[in-house]
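Working notes, structure below.
The values are calculated or read from the model by the stated rules, or taken from the named source; none is laboratory data. None of these values were measured; they are calculated from a predicted model. With ideal geometry, Cβ positions are generated from the backbone for all residues, glycine too; neighbour counts draw on all protein chains shown.
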């Protein structure tokens with residue numbers, strides 16, 4: 001346009017297109033989607049060939065991630081098997097130790113029974129010894145009285161028989177010696193039984209200590225078992241997460257492959273239509289109201305590299321409203337509707353990185369994703385979007401970079 005009042009205000013953030021078909025790929029749930037920028041978005045001229053390259057690179061990265069996940073799952077499976085074996089070994093050790101505990105408890109019970117019997121025997125022997133000592137004490141008293149109550153002559157007179165007296169004295173002494181031997185025997189028995197009690201008590205103390213040690217071992221083994229069981233549970237949970245991530249990555253890779261196939265078909269269709277050679281026909285005839293490059297119009301996108309600080313990424317061709325607009329080259333057409341920026345516009349992907357843009361159109365005569373041929377009618381001149389008069393914004397991009405259309409128009 002020649003009159004600045006009739007210029008459209010291109011509120012773009014860089015030199016690219018206002019609306020574009022993009023490939024959005026994410027590793028976790030990678031999905032390749034075709035989308036157009038809306039009002040106020042920056043533009044970029046991604047060619048299908050570039051998208052295919054990016055998608056294939058992402059697919060390779062997904063493959064590496066899946067291989068890593070499979071490796072982690074395999075390592076986790078080996079670790080789980082090792083934990084299972086360790087748990088089995090601990091179960092066996094616990095069972096063996098518990099049998100030892102049971103045997104030690106049985107032996108301790110037997111020792112306690114033996115100790116109880118020995119203690120009863122000691123008490124009985126001590127009672128016998130006390131009785132024998134009391135009896136001996138009584139007999140000693142009798143002997144003392146027999147020898148000291150009167151002299152031998154008095155006893156002789158009283159008895160009337162010397163032999164009887166003498167026999168009495170001998171019997172008394174003999175009875176005392178027998179009691180003394182009994183005391184000596186019972187004393188020896190007491191010492192023996194007391195020694196048995198000491199020995200059995202020591203055995204009980206040792207067995208009690210052994211039982212406590214075995215209980216401690218069982219407790220330690222149970223703690224180790226619980227630790228390994230917790231580790232196994234955590235490992236199983238991690239395996240479940242990795243399995244989900246692997247399934248998601250595999251699904252994403254599947255979807256990505258499908259989208260790559262779609263993009264390859266689009267590129268093949270564009271190339272089959274005969275486009276993508278960098279030679280363009282005029283989309284319409286009319287005066288150029290604004291050329292390509294640095295611009296003095298403040299409505300154009302800001303560019304610090306321009307002395308004027310603004311840049312125009314295409315050419316503006318003025319023509320009457322409703323004028324025919326034709327495809328500058330063969331390819332795949334994508335239609336977009338917008339009340340801002342380029343307004344209703346068409347982007348044609350030609351292949352080999354070439355893209356052309358037709359902005360501010362009044363209407364379309366082709367559908368989205370339709371194959372078009374060089375010179376084919378695609379729509380009509382308008383003033384949609386940021387525009388105050390009928391004109392066509394025509395732009396040519398190569399590998400996401402705007403080029404001067406005049407260098408490629410024939």
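Tally the residues that are modelled with pLDDT of 80 or more and over 30 Å from residue 222 (Cβ atoms), restricting the search to the stretch 93-121.
Result for the stretch 93-121: 8.
If only one of 117, 94, 52 is more than 30 Å from residue 254 (Cα to Cα), in contact (Cβ under 8 Å) with a residue 12 or more places away in the chain and either in the same structural domain as residue 235 (by TED's automatic domain parsing) or crowded, with 16+ Cβ neighbours inside 10 Å (or both), which one is it?
None of the others qualify; the one that does is 94.
Looking at the stretch 191-234, which of its residues are more than 41 Å from the chain's Cα centre (by Cα), surrounded by 13 or more Cβ atoms within 10 Å (Cβ to Cβ) and over 15 Å from residue 119 (Cβ atoms)?
207, 208, 210, 211, listed by residue number.
So is residue 254 in a helix (DSSP H, G or I) and under 27 Å from residue 102 (Cβ atoms) or not?
Considered against the rule, which asks whether it is in a helix (DSSP H, G or I) and under 27 Å from residue 102 (Cβ atoms), residue 254 comes out as no.
Report whether or not residue 317 is assigned to a strand (DSSP E or B), under 17 Å from residue 386 (Cα atoms) and in the same structural domain as residue 399 (by TED's automatic domain parsing).
Yes; evaluated as a whole, the condition is true for this residue.
Which one is surrounded by the fewest Cβ atoms within 10 Å (Cβ to Cβ) among residues in the stretch 373-409 that are touching a residue at least 24 places away in the same chain (Cβ under 8 Å) and assigned to a helix (DSSP H, G or I)?
Only one residue tops the list, namely 406.
When only residues in the stretch 349-368 that are under 17 Å from residue 269 (Cα atoms) and free of Cβ contacts under 8 Å to residues at least 40 places away in the same chain count, which is surrounded by the most Cβ atoms within 10 Å (Cβ to Cβ)?
366
Right, residue 242: part of a helix (DSSP H, G or I), surrounded by 15 or more Cβ atoms within 10 Å (Cβ to Cβ) and under 50 Å from the mean Cα position of the chain (by Cα) or not?
When the stated conditions are applied, residue 242 passes them.
For the stretch 249-299: of the residues being over 47 Å from the mean Cα position of the chain (by Cα) and at pLDDT below 70, which is surrounded by the most Cβ atoms within 10 Å (Cβ to Cβ)?
Step by step, filter the stretch 249-299, then rank; the result is 299.
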